[in-house]
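The values are calculated or read from the model by the stated rules, or taken from the named source; none is laboratory data. None of these values were measured; they are calculated from a predicted model. Please note: Cβ atoms are built from the backbone with ideal geometry, for glycine as well, and neighbour counts cover all protein chains shown.
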Amino acid sequence: MDKWLVIGGGIHGTCSAIALREEGVAAADITIIDPHHHLLARWQQYTQRTGMSYLRSPGVHHLHPDPLHLHRFALQRPQPEGAHHQDFMLPHYRPSLELFRAHCEALIHEYQLDQRLLSARAEGLSRPSLPQFTVETSLGPLHARYLILAMGAGEQPHWPDWAKPFKRKDSPLQHLYDPNPLPTLQEKHLVVVGGGLSAIQFAITASKQSSSPVMLLMRHSLRIHAFDSDPGWLGPKKLNNFRQIRDFSLRRRLIDKARHRGSVPLDIARQLWRALREERIQLIHDQITGATLNRNQSLRLYLNKRADPLITDRVVLATGFGRQRPGGKWLEKAIAELGLPVHTDNYPLVDSHLRWTEGIFVTGPLAELELGPAARNIAGARMAAARIRAASRV
């Protein structure tokens, strides 16, 4: 029987496992289950696909409990051969993606977490006898004393209603966060749908590869914010009042209002403006109301403000992730059988240590009704890991 079983090998699960190792938990007492063959696989795939160069969050937000650990790592490591970028971008000291990845890999190796990964999917959760949990997986049952549920929204890309009929493998319409590889873009007329950071970064990257201008179709005007929520949500300035609210519907409304959805930092906005000046990107402010497939496999997009349809070879949706609670049917069943408390939106109601019930902790989206709007990002992973680490001492 494992002492700690972490379900999810992304940013949140890995960050929590590192915190446990820092607290003195032996590597042999931790198992991480994730369907991929290495930790952070999905996160690395998505960041590479969007063309990200620098993270949006400052350099104090990373996977180690010490806020300055990434800075020391940057100073001590040899500069990668052929590197032509700075490790941090001012004014917020945002780390480069290359530096952040190297730091993650070093931590995973140092704490032997790569040896504790089991490539499997969680399929069920039960508690046949105290104090042991049983997690059914695609490779058979696992038993553990403590669980950390660290499933993210990565397997829940949001498909608008008009796009759902094209949700198939050979379709000329794909989601940016589809696990299948995206096609080459050099000779395609491409439309990117979305107005947030991922959409704009991907459009900029694609415009450097395509022989024709990339069309970026967004519903709203460009929204510029340094971060995806006010930094005050990372500390007592806002969280103290948030935690005093016992109406969880009000908490949910505050979370939704606080997030700067569909926004980009100023440096990405400047890159977009440059691509527009160079006519590598054409920006269309409109909304798609429907789509049909032509005989030659091109797509005909019908827009709200435009009389004539827009015809294109390829559409990539960068419309973010769905809002449904991660975990799907197996977690739904566990909630019912174990009597786990949830809000009306099916998200967990947890204590200040992110304890859902004795022995089960949550992080990531599952913790947002306790941690607030930053729960899903790297800063939220650090906040959750610190609370779970503190609870492990008791």
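Of the residues Asp170, Asp247, which single one is out of contact with any Gly (no Cβ under 9 Å at 6 or more places or on another chain), among the acidic types (Asp, Glu) and modelled with pLDDT under 95?
Values: Asp247 fails: modelled with pLDDT under 95.
Only one candidate qualifies: Asp170.
From the list Ala385, Ala374, pick out the single residue that is in the same structural domain as Thr50 (by TED's automatic domain parsing), aliphatic (A, V, I, L, M), buried (at least 23 other Cβ atoms within 10 Å of the Cβ) and farther than 18 Å from Gly8 by Cα.
Values: Ala385 fails: farther than 18 Å from Gly8 by Cα.
Within the list Ala385, Ala374, the selection yields Ala374.
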task: Would you point out the residue of region 344-369, among those that are touching a Gly at 6+ places or on another chain (Cβ under 8 Å) and surrounded by 24 or more Cβ atoms within 10 Å (Cβ to Cβ), that is farthest from Ala391 (Cα to Cα)?
output: Pro365
field: Residue count, region 122-152 (criterion: surrounded by fewer than 14 Cβ atoms within 10 Å (Cβ to Cβ) and over 21 Å from Ala391 (Cβ atoms))
entry: 6
message: Looking at the structure I just gave you, is Leu90 more than 23 Å from Ala122 (Cα to Cα) and modelled with pLDDT under 95?
response: yes
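Which one of these is over 23 Å from the mean Cα position of the chain (by Cα) and under 30 Å from Gly124 (Cα atoms): Leu303, Leu338?
On the way: Leu303 fails: under 30 Å from Gly124 (Cα atoms).
Exactly one residue qualifies, and that residue is Leu338.
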task: For region 262-320, enumerate the residues that are at pLDDT 95 or above and out of contact with any strand residue (DSSP E or B) (no Cβ under 8 Å at 6 or more places or on another chain).
output: Ile268, Arg270, Gln271, Trp273, Arg274, Arg277, Glu278, Glu279
Qualifying residues in region 341-394 (those that are within 19 Å of Gly322 (Cβ to Cβ) and of a type in the set (D, E, K, R)) - the one nearest to the chain's Cα centre (by Cα): Arg376
